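A.B. asks: Just dropping this structure here.
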Amino acid sequence: MSSPLPQPHLAEPLARLLLQWGVAPVPMAATPPVAERLGGWLGWADAIGLSQVLAAPAATAGNPQARAQALDWADAALARLQAELPAAFDDALLVRESAEPAPEGVSLPDLLAPYRLHHAQQQRSMAARIGTLRERLRPHLAESSGALARLAQLDALLERATLGPERERLAGLPALLTRRAERHHAADPRGWRARFWADLQRLLRAELDLRLQPVLGLIEALHDDAAR
């Protein structure tokens, strides 16, 4: 089975899940270096902005009070997000229907439609809420120290540059889910939905892990700066 996604660039849980589902990884020799990929993603305006950020001297003074407040806010916001998003992955109606035998005389696409809608809704929710947290986190970093202010500027540039490629990679997941449903349906036409629902939950959690990586990196940098 060929992969719709360049797997080596994905977070480990998602890459591992795809491998378990028979999605072959892209050979490392076929994967361009990070710097080369980033250069292709950056527009000329972003490239100029990146060079200016890297060339500017970073202030070394920190603001301990602002950093402490930023840490408290960031940890609380992350904990809230990590609790609320997985809770939304659950759906009482789909859980109940998935536990029941699939009705006869209904096509697989029709039975699959609510699951595809649920996945699309969760993808949009993850993208919006994590993007908002990332955007709100950068001013807190900027107020904490000069080094973190530079990191916040870099993160804003990189977010714009990688938004399109990330969306393109994740766009292959719905088709992968459809193939999983077809496989389960072929093996058990009446009881396939329970196994497929479990697959969908695993995929959503792995996708959440991937989407959270930039935010986790910023918060880790905030903690490292406070420890110095």
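A.B. asks: What number of residues within the range 45-80 satisfy the criterion of being at pLDDT below 60 and either within 30 Å of Asp209 (Cα to Cα) or in a helix (DSSP H, G or I) (or both)?
C.D. replies: Residues flagged as at pLDDT below 60 and either within 30 Å of Asp209 (Cα to Cα) or in a helix (DSSP H, G or I) (or both) within the range 45-80 amount to 11.
A.B. asks: Also: Can you tell me how many residues within the range 81-110 are within 27 Å of the chain's Cα centre (by Cα) and outside any loop (DSSP other than H, G, I, E, B)?
C.D. replies: 15
A.B. asks: Additional query: In the range 137-162, how many are out of contact with any helix residue (DSSP H, G or I) (no Cβ under 7 Å at 6 or more places or on another chain) and open to solvent by 40 Å² or more (accessible area, probe 1.4 Å)?
C.D. replies: Qualifying residue count for the region: 2.
A.B. asks: Given the criteria small (Gly, Ala, Ser) and farther than 30 Å from Gln69 by Cβ, does Ala198 qualify?
C.D. replies: In short, yes.
A.B. asks: Still on this structure, I have one more. Yes or no: the range 90-104 includes at least one residue that is modelled with pLDDT under 95, open to solvent by 80 Å² or more (accessible area, probe 1.4 Å) and among the acidic types (Asp, Glu).
C.D. replies: Among the residues of the range 90-104, at least one is modelled with pLDDT under 95, open to solvent by 80 Å² or more (accessible area, probe 1.4 Å) and among the acidic types (Asp, Glu), which makes the answer yes.
The values are calculated or read from the model by the stated rules, or taken from the named source; none is laboratory data. Computed from a predicted model, the values in this text were never measured in an experiment. Note: ideal-geometry Cβ built from the backbone for every residue, glycine included; neighbour counts use all protein chains shown. Surface accessibility is based on the protein's heavy atoms, side chains included, excluding ligands, DNA and RNA. Shrake-Rupley method; radii C 1.70, N 1.55, O 1.52, S 1.80 Å.
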